[in-house]
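Heads up: the structure comes next, in structure tokens.
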Amino acid sequence: MTVSHHRLNLSAGIASVTVALVLVGAKFWAFGQTGSLAVAAALADSALDLMMSLGGLAAIAYAAKPADADHAFGHNAAEDLAALAQSLIIIASAGVIGGAAILRLVAGNSPMPAQESKGIAVMVVSILLTGALVWWQRRVARLTGNRVVAADSLHYVGDLVPNVGALLALVASARFGLGQVDSIVALGAAGMLIIGAVRIGRAAWHALMDRQADPSTLAGIERVVADFPGVLGYHDLKTRQSGSRLFVNLHIELDGTQTLDEAHSIGAALRRAILADYPQADVLIHKDPHGVTPHPNDPQKEDPS
């Protein structure tokens, strides 16, 4: 990663944290002014954004730091541990908001949000700030190929939904006196938060359990290897995800009569080709003579694909 790319990624991470801080403060004030559950749901979502953005910024900041003697594979698992903890916090917050919304709907006496105009102004500013952040993050992701920035951008695109929902709830209350809309929107937003939290938590759990990469990533790696000049076959492709880092182990089969320098050149070139498509990967390639018969005492018999 070049210095300029690292600075661009850092700028996207800092912008994400700054916007999240502003939105948390603004929505906290708006919730205090309006008492709207829909605004409370948007506030919980922004608090999640802040935690996610801080984790993303930490990941970007440590991306250029080499592994140390005690952590030969880096410190990426901390991202997954943080994501798992975040998902539990999100589910708890969404449960509280959703439970309050259900109680209001069952009681049939939903209190009308107060001072809706202040809440509407805050939600409009939130939508504009989020849109500007997404634009910058996508531009940085296109220039640098950083998957952390791209993922954070996708997350903020999803955040526009509860913001728009809270805005609609406040407008419905202010113009039409529909207080129940606030509880309905809050309940929908809580459901979205739980779905997102389960998805984040599942992905973090799979990473911590060393689950292999998704099928599309595996297929992409296999396409690069299968068509690579000098590679006569491959086997034992193993992958695992740790935070934003993808680890790839692979055995390739080469012409056994060529020199060690020639074999090394093919392996190094293949590694560069994989990194071109998956820049966050850590690639380890083992070279075998094509057609070699595994030793009968080898505890890990190789099954050529």
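Bear in mind these aren't lab numbers, they're just calculated from the coordinates by the rules spelled out. Since the model is a prediction, treat every value here as computed from it, not as a measurement. A quick note on method: Cβ atoms are made from the backbone with ideal geometry, for glycine too, and the neighbour counts reach across all protein chains shown.
Which of the peptides 24-37, 41-54, 129-142, 272-285 is most tightly packed, and how do the rest follow, judged by the mean count of other Cβ atoms within 10 Å per residue?
Put in order of decreasing packing, that is 41-54, 24-37, 129-142, 272-285.
At 7 Å along the Cα-to-beta-carbon direction for both residue 92 and residue 226, put a label point, then send me their distance in nm to one decimal.
Distance between label points: 4.7 nm.
Classify segment 215-289 as rounded, prolate or oblate from the Cα gyration tensor: take a ≥ b ≥ c as the square roots of its eigenvalues, call it rounded if a/c is under 1.5, otherwise prolate when a/b beats b/c and oblate if not.
Taking the square roots of the gyration eigenvalues as a ≥ b ≥ c, segment 215-289 is prolate.
Would you grab the residues whose amide H sits under 5 Å from the one on residue 233? Only those 5+ places off in sequence or on another chain, please, with H modelled 1.01 Å from N.
Sorted by chain and number, the residues that satisfy this are 253.
Can you work out the Karplus-derived ³J(HN,Hα) for every residue in segment 275-280? Use 6.51 cos²θ - 1.76 cosθ + 1.60 with θ = phi - 60°, whole Hz, and x for glycine or proline.
With the stated coefficients, segment 275-280 comes to 5, 4, 8, 10, x, 8 Hz.
For residue 106 and residue 212 in one chain, what is 0.36 nm times their gap in residues minus the Cα-Cα distance, to one decimal in nm?
Length difference between fully extended and current span is 33.6 nm.
Going by amide H atoms built from the backbone, whose H comes under 5 Å of the H on residue 256, apart from near neighbours?
290
Contour minus end-to-end for residue 275 and residue 143, with contour as 0.36 nm per residue of separation and end-to-end as the Cα-Cα distance?
45.9 nm
Tabulate in residue order the Karplus-calculated ³J(HN,Hα) for segment 27-33, using 6.51 cos²θ - 1.76 cosθ + 1.60 with θ = phi - 60°, rounded to whole Hz; enter x for Gly and Pro.
6, 4, 5, 5, 5, x, 7
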